[in-house]
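What follows is a set of notes on a single structure, which appears directly below.
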Amino acid sequence: MLKSGVLNPAINSLLSRVRHTNYLVIADRGFPFWPDIETVDISLIDNVPQVLEVLKAILPNFEVGKAFMAEEFIRENDAATKTALESVLGDVPITFKPHHDFKLLVPQAIGLIRTGDTTQYANIILESS
């Protein structure tokens, strides 16, 4: 029995299948459904859980080389939200792309974790290192 870390068996299974340079998406509640991508839906109610909470939970055991987000995240969110993201990611570089271009990367992902987050453009694609 797991005693710490990510306890959700579907997320653990998904994380264990991500290899070098594979993508993993952590998405907000409104992110479109992608039928060809395994989706672990952990949304409960608005903002439970949030993308940053999931990110914090997986980072101790997930080596991230870089991250991708929609550039609209910068325009639509306040400084505190941006600072919180940077704090969680630390030295992980973030590439911001137009939302349309961001979504073009999604089909390459191993899987997607859907949250209840309502933060504008909170979706993030992690590239494993």
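We did not get these values from a lab; they are worked out from the coordinates using the rules stated. Everything numeric here is computed off the predicted structure, so don't read it as measured data. Neighbour counts run over all protein chains shown; Cβ positions are idealised from the backbone, glycine included.
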Q: Can you pull the one-decimal nm distance between simple spin-label points at LYS97 and ASN47, each 7 Å off the Cα toward Cβ?
A: 3.0 nm
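Please report the net charge: other residues with Cβ closer than 12 Å to the Cβ of THR118, K and R +1, D and E -1.
Details: positive: ARG29; negative: ASP28, ASP46, GLU76, ASP117.
Summing Lys/Arg as +1 and Asp/Glu as -1 gives -3.
Please list, by residue number, every one of the GluC sites (Glu not before Pro) in region 35-66 that is coil in DSSP and has at most 14 other beta-carbon atoms within 10 Å.
GLU63
Please check the chain for the longest run free of trypsin sites (Lys or Arg not before Pro) that are loop-located per DSSP (anything but H, G, I, E, B) and have at most 12 other Cβ atoms within 10 Å.
Looking at the chain, 20-129 is the longest stretch - no exposed trypsin sites (Lys or Arg not before Pro) with at most 12 other Cβ atoms within 10 Å.
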Q) Can you tell me the Rg and the Dmax, both Å, for the Cα atoms in the chain? A) 13.6, 43
Q.
In the chain, if the dipole is taken from +1 on Lys/Arg beta carbons and -1 on Asp/Glu beta carbons about the Cα centre, which of ASN8, SER87, HIS99 is farthest to the positive end?
A. ASN8
Q. So which lysines pass the test for LYS82, namely a Cα distance under 24 Å, with those fewer than 8 places away in the same chain ruled out?
A. LYS56, LYS66, LYS97, LYS103
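Would you calculate a helix-derived [θ] at 222 nm for the chain, using -39,500 (n - 2.57) for each DSSP H run of n ≥ 4 and dividing by the full residue count, to the nearest 500? Don't skip to the answer; put the middle values down first.
On the way: 5 runs with 39 residues, N = 129.
Helix contribution divided over all residues of the chain: -8000 deg cm²/dmol.
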Q) Which of the chymotrypsin sites (Phe, Trp or Tyr not before Pro) found in region 1-93 are in a DSSP loop and have at most 15 neighbouring Cβ atoms, other than their own, within 10 Å? A) PHE33, PHE62
Q: Measure nothing fancy, just the Cα-based angle from helix 79-89's long axis to the longest principal axis of the chain, in degrees from 0 to 90, nearest 10.
A: 30 degrees
**Q.** Simple label model, 7 Å out from Cα along Cβ direction - GLU38 to ASN8, nm
**A.** 1.3 nm
Q. By the gyration tensor of its Cα atoms, with a ≥ b ≥ c the square roots of the eigenvalues, what is the shape of region 33-82: rounded for a/c under 1.5, prolate for a/b over b/c, or oblate?
A. rounded
Q | Gain in span if fully extended, ALA84 to HIS20, counting 0.36 nm per residue against the direct Cα distance | A | 20.4 nm
